[in-house]
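The values are calculated or read from the model by the stated rules, or taken from the named source; none is laboratory data. Note that the structure is a prediction, hence the values are computed from the model and not measured. Cβ placement follows ideal geometry from the backbone for every residue including glycine, while neighbour counts extend to all protein chains displayed. Protein only, heavy atoms only, side chains kept; ligands, DNA and RNA dropped before computing areas. Shrake-Rupley method; radii C 1.70, N 1.55, O 1.52, S 1.80 Å.
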Amino acid sequence: MVGPARPLFVLFGSSIVQMSYDVGGWGAILADIYSRRADILVRGYFGWNSRRAVNVLDQVFPKDAAVKPSLVIVYFGGNDSMGPHPSGLGPHVPLPEYVENMRKIAIHLKSLSDSTRIIFLSCPPVNEAVINGGSSGGIFSEIIRTNELCQQYSEACIKLCQEINVPFVDLFTACQRKDDWRNACFTDGIHFSAEGSKVVVEEILKVLREADWKPSLHWKSMPIEFSEDSPYDLVAADGKTTLNPSGWTYYREIQWD
């Protein structure tokens with residue numbers, strides 16, 4: 001570790017998390033927004049379902065760790081929601097088990113510390129035309145992924161969150177608010193494009209802004225590291241003072257709230 005110590009945010013999930021640091025990805029955007037405020041770590045695993053996540057909870061989030069996360073953003077559900085393969089192989093997890101797995105994840109994360117906060121992301125929709133029209137090149141067996149299934153798993157996740165008092169982002173609904181969402185939000189019908197990632201970030205920031213957490217984890221409420229004025233900052237136009245750039249955000253495409 002390096003210092004000074006900052007709050008630790010962890011993104012935990014499947015490929016939507018693993019790929020979130022791609023160019024324009026939602027994890028990369030969050031890392032920029034929280035620069036000098038929090039450290040954001042990615043624990044994303046391509047192809048994983050909630051069953052595999054439960055099996056590694058003690059390894060990814062050990063209860064005896066010296067540093068506990070201030071925030072964990074969790075996404076599982078897309079792979080769980082895929083139709084079952086006749087062989088019994090594959091990522092499909094029946095809906096009741098998925099709900100219980102997500103409950104176990106929440107219970108484990110809440111047990112880490114009284115100050116660890118959690119946000120669940122629900123299953124987003126998919127572009128069925130792209131998925132069904134694509135060619136696996138003989139690599140994969142038939143992929144059954146529909147918006148009917150995605151909605152079922154999304155609604156089940158949200159219902160669980162309401163039951164156990166875990167804040168959530170309804171990605172299934174949020175994505176569909178965007179014009180031409182099927183093409184705009186995804187690179188391959190499943191994973192988020194830069195435009196889709198903006199939707200994810202906007203919704204996460206909304207939860208963080210509205211959450212009644214003390215201390216607040218919204219970026220504007222968090223202290224900036226080494227933010228004191230310095231004579232080594234750039235000299236202002238008056239030639240007598242300096243300009244503190246610690247909180248500058250002019251370079252961002254979007255001025256996030």
(message) Given the criteria touching a residue at least 60 places away in the same chain (Cβ under 8 Å), more than 18 Å from the chain's Cα centre (by Cα) and closer than 27 Å to residue 8 by Cα, does residue 164 qualify?
(response) yes
(message) Pull out all pairs, ordered by first then second residue, where Cβ-Cβ is under 9 Å, the residues are six or more apart or on different chains, the first lies in the stretch 94-108 and is at negative phi, and the second is in a helix (DSSP H, G or I) and open to solvent by 60 Å² or more (accessible area, probe 1.4 Å).
(response) 95/152; 97/51; 98/51; 99/159; 101/51; 103/163; 108/58
(message) Within the stretch 228-247, does at least one residue satisfy the condition of being open to solvent by less than 100 Å² (accessible area, probe 1.4 Å), touching a residue at least 40 places away in the same chain (Cβ under 8 Å), farther than 16 Å from residue 29 by Cβ and among the hydrophobic types (A, V, I, L, M, F, W, C)?
(response) no
(request) Just give me the residues in the stretch 188-224 being among the β-branched types (Val, Ile, Thr), in contact with a helix residue (DSSP H, G or I) (Cβ under 8 Å, 6 or more places away or on another chain) and either assigned to a helix (DSSP H, G or I) or at pLDDT below 95 (or both), in sequence order. (result) 199, 200, 201, 204
(request) State whether one or more residues within the stretch 126-143 are in contact with a Pro (Cβ under 9 Å, 6 or more places away or on another chain), among the charged types (D, E, K, R) and outside any helix (DSSP H, G or I). (result) no
(request) Would you tally the residues in the stretch 155-179 being open to solvent by less than 100 Å² (accessible area, probe 1.4 Å) and either more than 30 Å from residue 212 (Cβ to Cβ) or part of a helix (DSSP H, G or I) (or both)? (result) 12
(request) For residue 115, indicate whether it is small (Gly, Ala, Ser) and part of a loop (DSSP other than H, G, I, E, B). (result) yes
(request) Please determine, by comparing only the residues of the stretch 208-221 that are aliphatic (A, V, I, L, M) and crowded, with 18+ Cβ neighbours inside 10 Å, which one is nearest to residue 5 (Cα to Cα). (result) 217
(message) Here is a list: 117, 51. Which entry is of a type in the set (D, E, K, R), within 23 Å of residue 200 (Cα to Cα), touching a residue at least 24 places away in the same chain (Cβ under 8 Å) and open to solvent by 10 Å² or more (accessible area, probe 1.4 Å)?
(response) 117
